[in-house]
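The values are calculated or read from the model by the stated rules, or taken from the named source; none is laboratory data. Being a predicted model, the structure only gives us computed values, none of them experimental. Cβ placement follows ideal geometry from the backbone for every residue including glycine, while neighbour counts extend to all protein chains displayed. Surface areas here come from the heavy atoms of the whole protein model, side chains and all, with no ligands, DNA or RNA. Shrake-Rupley method; radii C 1.70, N 1.55, O 1.52, S 1.80 Å.
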Amino acid sequence: MNRYAPWVWLPVAAISTSVYATTYLTVEQAQQTIFPGATLTQAFVTLTDDQKREIERRSGVEVSNKEVRLWKVGSGGYFIVDEVIGKHEFITYAIGLNADGSVKQIEIVVYRESYGYEVRNAAWRRQFVGKTTGDAVRLNQDIRNISGATLSSRHVADGVRRVLATYVVALK
Amino acid sequence: MLSPSSSLRRARPLLGTLVEIKATGADQVLSAAVDAAFAEIERVQRLMSFHDPNSDVSLLNRCAYKRAIKINPRTWAVLARAREIAKVSGGAFDVTVAPRLVKWGFLPAADGAANLEVKQDGYRRIELLEDCAVRFREPAQLDLGGIAKGYAVDRAARALEEHGIRDYVVNAGGDLRVGATAEAIHVRHPACPQQLIPVGMLRTAAIATSADYFTRKKIGGRYVHAIVAPSGGRPAKQRASVSVVAAECMTADALTKVAALLRERAVSVLARFDAEGILIDRRGARLLSSSARSTSSFGVGAGCALP
């Protein structure tokens with residue numbers, strides 16, 4: 001007997017997803033989620049070559065963009081938007097740092113998954129630049145519940161290490 | 001009058017994967033409910049991480065052979081379910097196979113554990129005592145990686161329900177639990193993960209999937225799988241995806257390991273937990289179920305060349 005009454009195994013052919021993206025938050029929503037009610041002021045920080053090298057040495061992660069997307073929080077602390085690229089995934093995430101530089105919260109902003117050359121292709125990635133701030137990226141946005149080993153969060157963990165090194169080298 | 005309701009979808013890096021929560025409910029509680037659910041997942045991660053030296057698991061691995069150790073009721077509950085599934089599966093599910101996973105580099109090495117034996121019924125070394133205490137009868141290395149993620153999903157679902165949220169999906173890297181509204185569930189094709197196979201509609205239940213497409217490693221000229229049999233420490237067969245549906249995600253999570261190792265022979269074990277499975281490999285998809293309606297097998301679509 002089937003105990004899960006609505007559970008029906010569907011004999012349906014596989015569907016192909018060469019590109020798949022989910023937008024969780026806009027940058028403004030991520031700010032309000034991590035620092036509710038706080039006043040954030042955008043700061044413009046460009047890393048020098050020395051800082052870039054020092055961050056890479058400390059974190060073991062390559063710095064691909066010397067512009068840091070950074071906001072200062074009125075009550076102390078920082079809000080940073082960063083991107084990481086894996087073999088199949090390209091993830092924009094937001095990280096809130098407390099005034100002492102410790103991690104307050106991390107939220108995924110946009111997750112994009114792709115099979116083929118696209119993720120490593122700079123032209124493909126450029127279509128997303130700037131789009132996370134206002135409009136959500138519209139790709140294949142159907143809601144999918146995928147049961148199955150997903151990609152690990154190792155690249156996000158690497159990105160967080162890079163952000164923490166950036167804090168020590170350039171913000172502290 | 002009904003209060004205004006809306007939907008929220010959030011993802012955070014937790015449990016070594018991306019954990020996604022979708023929830024629909026009253027505006028005034030929704031955000032707090034999702035925060036509470038993530039907080040519960042973080043708590044389970046802190047307690048049951050193999051990597052964190054301050055977790056219950058690390059504490060037990062360091063000290064439980066010498067004396068009984070009191071642990072968090074959550075960790076104890078997971079150990080109790082792990083033991084039940086180990087017994088019913090004849091030891092196919094076993095939380096003491098960690099030394100083999102360490103040897104193959106799926107888990108980091110811990111002090112003094114390198115030479116521990118992986119053996120049939122190794123889980124019997126773990127003694128569950130009253131008052132949430134645990135003792136190892138012999139030296140052992142415990143790893144809850146095969147069950148704790150599912151438990152974290154269950155706890156998150158419970159946190160949402162305690163806030164009055166009934167419509168939700170909690171998905172921790174494929175260990176997934178659905179609330180009161182049915183959701184279409186897909187699994188990845190084991191040989192080409194960009195292909196999604198819609199396997200069914202799920203409501204008020206959980207599904208977990210094990211597959212090696214992102215985790216296998218090449219050792220000594222052959223690929224090994226992160227699921228190993230306690231008897232002889234052999235890896236599960238390759239290039240297959242196994243999904244299990246059960247009432248609780250913790251049970252579904254652990255039973256995927258049983259199904260990956262025992263395949264068709266897992267049906268009776270799954271039935272004992274009111275669970276069903278689906279196995280997808282190069283021969284197609286087969287249901288692992290004792291129910292009459294589901295004995296047929298079906299194709300999973302063409303167009304994917306096996307490497």
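Tabulated values for the structure
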| item | result |
| --- | --- |
| Failed item in (1) more than 14 Å from chain B (Cβ to nearest Cβ); (2) surrounded by 15 or more Cβ atoms within 10 Å (Cβ to Cβ); (3) modelled with pLDDT under 95, with A:Val12 passing the rest | (1) |
| Residues that are open to solvent by 70 Å² or more (accessible area, probe 1.4 Å) and out of contact with any helix residue (DSSP H, G or I) (no Cβ under 7 Å at 6 or more places or on another chain), drawn from region A:49-61 | A:Asp49, A:Asp50, A:Arg53, A:Arg57 |
| Subset of region B:184-213 (residues that are buried (at least 21 other Cβ atoms within 10 Å of the Cβ), over 20 Å from B:Ala148 (Cα atoms) and charged (D, E, K, R)) | B:Arg188 |
| Any hit, region B:89-109, residues being closer than 21 Å to B:Glu138 by Cα and at pLDDT 95 or above | no |
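Per-residue answers, yes or no, for (1) at pLDDT 95 or above; (2) assigned to a strand (DSSP E or B); (3) closer than 23 Å to B:Ala92 by Cα; (4) facing chain A (nearest Cβ under 10 Å):
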position	(1), (2), (3), (4)
B:Gln141	no, no, yes, no
B:Gly146	no, no, yes, no
B:Tyr151	yes, no, yes, no
B:Arg155	yes, no, no, no
B:Tyr168	yes, yes, no, no
